[in-house]
């Protein structure tokens, strides 16, 4: 038994096709010219369009068309920049980073490396290990006189008594001494990058380190193999 189509009714496939078909929201150049030509053909012969109005309409359309093209080009540019940054970020996977004032996870009894940045000669350099939660100083190292540059150090995870500190987050703080005056010096802990993500709202790349925390790429001072 066959069923013939009924005029005026549409099949479900036809309705879906119509719903999914793109709807042209804006006038393109050809549509504008057709509309403009029709307007000229139907204008009042006793009161024809003045040259100023003619030029104004053409200028308005040209400006709108140029703005639309510029917007599309800018969107392509932003998209390209995002892809480039993500590709650059993917190359950071597995590398070591050094970020100032960023807590590092100490699982207990594990040596953690770091770097102190100096821009001048100092009489003495003191390094403090601080519990990030309680802000208690758990260990201290006197590194003596130092010259400008990156001063590498390592902390074996011990406290003042040589015992392993509890697992947790710890910060490295450095103090420089010159002629009896003290000042803060940037101290950075080393962590490995295990993930990279893009924050659309901030327009910035974030890297995920071993303990699961995310750090903005702009906050990282050093990257090494």
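The values are calculated or read from the model by the stated rules, or taken from the named source; none is laboratory data. Keep in mind it's a predicted model, so treat the numbers as computed, not measured. Positions of Cβ are generated from backbone atoms using ideal geometry, with glycine treated the same way; all protein chains shown enter the neighbour counts.
Candidates in the range 141-182 are the residues that are part of a loop (DSSP other than H, G, I, E, B) and at positive phi; of these, the one that is modelled with the lowest pLDDT is 180. Screening the range 54-124 for strands (runs of 3 or more DSSP E) wholly inside it with 1 or more residues that are within 24 Å of residue 177 (Cα to Cα), in contact with a helix residue (DSSP H, G or I) (Cβ under 7 Å, 6 or more places away or on another chain) and at pLDDT 65 or above returns the ranges 96-100. Here residue 177 fits the description: surrounded by 12 or more Cβ atoms within 10 Å (Cβ to Cβ), over 19 Å from residue 112 (Cβ atoms) and in contact with a strand residue (DSSP E or B) (Cβ under 9 Å, 6 or more places away or on another chain). Could you list, in sequence order, the residues of the range 198-225 that are without any contact (Cβ under 8 Å) to a residue 60 or more places away in the chain and in a strand (DSSP E or B)? If the condition is that a residue be without any contact (Cβ under 8 Å) to a residue 60 or more places away in the chain and in a strand (DSSP E or B), then 199, 204, 206, 208, 214, 216 are the ones that fit.
When each of 185, 196 is tested for being touching a strand residue (DSSP E or B) at 6+ places or on another chain (Cβ under 9 Å), modelled with pLDDT under 90 and either within 21 Å of residue 97 (Cα to Cα) or surrounded by 14 or more Cβ atoms within 10 Å (Cβ to Cβ) (or both), the lone residue that passes is 196.
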